[in-house]
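Here is the structure we will look at.
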Amino acid sequence: MINRTRRLRKTENIRRLVRENKLTIDDLIYPLFIEEGENIEKEIVSMPGIKRWSLDRISKELDEVVALDIPAVLLFGIPTAKNETGSETWNDKGIMQQAVRFIKKNYPSLYVITDVCFCEYTSHGHCGIIHENDVDNDATLPNIAKQVISHAKAGVDMVAPSGMMDGMIATIREALDNTGFPNLPIMSYAVKYSSAFYGPFRDAADSAPTFGDRRTYQMDPANRDEGMREATFDDQEGADILMVKPALAYLDIIRDLKNNFDRPIACYNVSGEYAMIKAAAANGWIDEERVMMESLLSMKRAGADIIITYFAKDVAKVLLKK
Ligand code: PBG
């Protein structure tokens, strides 16, 4: 037989030589939930191993992240006070701004990215200003600008807008350029679907909408071509990194972006993807380590350069062991 694909599978050493993709610690971003207040270290029930932290307690977690050589963290803030506009997001003394200053001061080597959104900060849980029962796109844009400028002044390394407002990348780029931050990069949640996989996150971050859903701004899971359109606009508006979210159910979209854009591609391995593996493993139904590694590797194979994942510490431990 001329063709026998099994010849190159015979031993681990030959498999190593022909292996096409590799998951490394360099690929990982670890999300952190930071709650305003003191003495908070609260387990999130649906996300075993993930906690909400107040800043006075979080050093334990950050020490571990640095020791495991994870390059970056993505911050989510949970404020004590919410209101209609989410104005705490641009308070220079807000929880996100405090967190950025704290981490950059005490862990200068760690790359700090902030999630730029309003849903954790608005009384209605939507990602912007509400007008006639829907998020008003253009009224929200100036507030996004205020929020990123405030994060920038606090010393963040990169901003990651996740609200799916049209024109948000152009707005942010212009705001940063005009305030002395032309070198601050933007990682856009460019192709973000209206997904049930965010369920556990909304408990973790207290960000579930109090009415309706996010289908007027997040994408329809049925659409693929539209993902290209979203990514094209964000690319043109100056996004430095394009993200697809969720990851596992959207590997085709990750590959589309990889094939069509000359920008680093990120994907977000979201809370529901994490919860499913943890729950099945807790029942003894799957091998947690292997399913975790295989899932994340599939994202690399699909074309992701960067993976945002709650598994970052678990993965780093596996990789350091090898
Ligand atoms: C906020 C935001 C969400 C997630 C990241 N940023 C929730 C949402 O859009 O409802 C989800 C992350 C996850 O599920 O892990 N806009």
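The values are calculated or read from the model by the stated rules, or taken from the named source; none is laboratory data. Fair warning: this is a prediction, and the values are worked out from it, not measured in the lab. Here the Cβ is made from the backbone with ideal geometry for all residues, glycine too, and neighbour counts use every protein chain on show. We work out accessible area using only protein heavy atoms, side chains counted, and drop any ligands, DNA or RNA first. Shrake-Rupley method; radii C 1.70, N 1.55, O 1.52, S 1.80 Å.
Roughly how many percent of the accessible protein surface of the chain is carbon and sulfur, given a 1.4 Å probe and a whole-percent answer? Mind showing how you got there, number by number?
Details: 7310 of 14730 Å².
Carbon-and-sulfur percentage of accessible area, whole number: 50.
Out of the chymotrypsin sites (Phe, Trp or Tyr not before Pro) in segment 196-292, which ones are loop residues according to DSSP with at most 16 other C-beta atoms within 10 Å?
On the way: sites: 197, 198, 201, 211, 217, 233, 250, 261, 268, 274, 285; in loops: 211, 217, 261, 285.
Counting only loop positions with at most 16 other Cβ atoms within 10 Å, the chymotrypsin sites (Phe, Trp or Tyr not before Pro) in segment 196-292 are 211, 285.
Sort segment 44-106 into rounded, prolate or oblate with this rule: let a ≥ b ≥ c be the square roots of the eigenvalues of the Cα gyration tensor; rounded if a/c is under 1.5, and if a/c is not under 1.5, prolate when a/b is larger than b/c, oblate otherwise.
Oblate, because a/c is 1.5 or more while a/b does not exceed b/c.
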Calculate I(q)/I(0) for segment 1-111 by the Debye formula, one identical point scatterer on each C-alpha and no solvent, and give its log10 at q = 0.13, 0.16, 0.20 Å⁻¹ to two decimals.
-0.61, -0.79, -1.09
For segment 9-321, dividing by residue count, accessible area per residue (probe 1.4 Å) in Å² works out to 43 Å²
Global geometry of segment 118-219, whether rounded, prolate or oblate, following the gyration tensor of its Cα atoms and the 1.5 cut on a/c
prolate
Percent of Cα-Cα pairs more than 11 Å apart in segment 226-269, please.
60 percent
Residue of 183, 39, 13 that the Gaussian network model of the chain assigns the largest fluctuation, springs spanning Cα pairs under 10 Å
13
With a Förster distance of 35 angstrom and the Cβ-Cβ distance between residue 59 and residue 322, calculated FRET efficiency to the nearest 0.05 equals 0.80
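What does the helix-only formula give at 222 nm for the chain: each DSSP H stretch with n ≥ 4 adding -39500 (n - 2.57), the total divided by the residues, and the result rounded to the nearest 500 deg cm²/dmol? Please report the intermediate quantities before stating the final value.
Details: 11 runs with 123 residues, N = 322.
One gets -11500 deg cm²/dmol as the mean residue ellipticity at 222 nm.
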Could you name the lysines in cross-link range of residue 321, using Cα to Cα under 22 Å and dropping any fewer than eight places away on the same chain?
22, 60, 278, 300, 313
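How big is the equivalent ellipsoid of the chain along its three axes, where each semi-axis is √(5λ) from the Cα gyration tensor, reported in whole Å from largest to smallest?
Working: eigenvalues 208, 108, 75 Å².
After scaling each eigenvalue by five and taking roots: 32, 23, 19 Å.
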Checking a compactness column here: for segment 170-275, what do you get for Rg(Cα) / (2.2 N^0.38 Å), N being the number of residues?
1.14
